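Worksheet: one structure, shown below.
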Amino acid sequence: MPRTLRGARLSRHSDYQRVYQQGRKHFSASMTYFFYRRGDDLHPGPRIGLTAGRVLGKAVERNRIKRRMREAVRLNLEHLRSQVDVVLHPRKSVLEMDFSRLRAEVAAIFSKIETAAGQKETSA
């Protein structure tokens, strides 16, 4: 049973800014993602943030994109075990793509983040 996103969400503006300024930026087929490896023990496990700006369309389209993204993240959250903050910036193509492809892409992103976070832990 997949975990809920309630405890694994970025909620404060300062958290998003920390990820943008101190984290790493990467690209996938239908989204840009940022991640930052945390060193604190205040929030165990990963935290995920989603963005959907006006460039993605009207409110109905943005909300649909966010719903699809939240579900794909929820179904793949078990792939991410490190203490990282992740921000996902979807492109408009997320609205039209098959959900199984979206889910597979989020899983691939999480596994890449997990690998990168694991390499930093062993080198630190």
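The values are calculated or read from the model by the stated rules, or taken from the named source; none is laboratory data. In this text, all values refer to a predicted model and were calculated from it rather than measured experimentally. For neighbour counting, all protein chains shown are included, and Cβ atoms are generated from backbone atoms with ideal geometry for every residue, glycine included.
With respect to MET31, is the statement that it is over 16 Å from the mean Cα position of the chain (by Cα) and in contact (Cβ under 8 Å) with a residue 60 or more places away in the chain true?
Values: over 16 Å from the mean Cα position of the chain (by Cα): no; in contact (Cβ under 8 Å) with a residue 60 or more places away in the chain: yes.
So MET31 does not fit the description; no.
Are there any pairs, at least 6 apart or on different chains, whose C-beta atoms fall under 9 Å, with the first in region 93-112 and more than 13 Å from ARG74 (Cα to Cα) and the second outside any helix (DSSP H, G or I) and β-branched (Val, Ile, Thr), and if so, which?
Within 9 Å, the pairs are ILE109/VAL86.
Residues in region 93-103: is at least one surrounded by 21 or more Cβ atoms within 10 Å (Cβ to Cβ) and assigned to a strand (DSSP E or B)?
No, region 93-103 has no match at all.
Find the strands (runs of 3 or more DSSP E) located wholly in region 1-82 whose residues include 1 or more that are β-branched (Val, Ile, Thr) and touching a strand residue (DSSP E or B) at 6+ places or on another chain (Cβ under 9 Å), and list them. Don't jump to the end; show me each part of the working.
Numbers: elements: 24-27, 31-37, 47-50.
Passing ranges, in order: 31-37, 47-50.
Of all residues being aliphatic (A, V, I, L, M) and closer than 11 Å to VAL86 by Cβ in region 34-55, which is nearest to the chain's Cα centre (by Cα)? Just the residue, please. I'd like the intermediate steps shown before the answer.
Restricting attention to region 34-55, the residues satisfying the condition of being aliphatic (A, V, I, L, M) are 42, 48, 50, 52, 55.
Subsequent filtering for residues that are closer than 11 Å to VAL86 by Cβ retains 48, 50.
Working: ILE48: 5, LEU50: 6 Å.
Among those residues, the one meeting the criterion is ILE48.
Among the candidates GLU96, GLU121, which residue alone is over 22 Å from ASP15 (Cβ atoms), charged (D, E, K, R) and modelled with pLDDT under 95? Step through it out loud before you land on a result.
Numbers: GLU121 fails: over 22 Å from ASP15 (Cβ atoms).
Exactly one residue qualifies, and that residue is GLU96.
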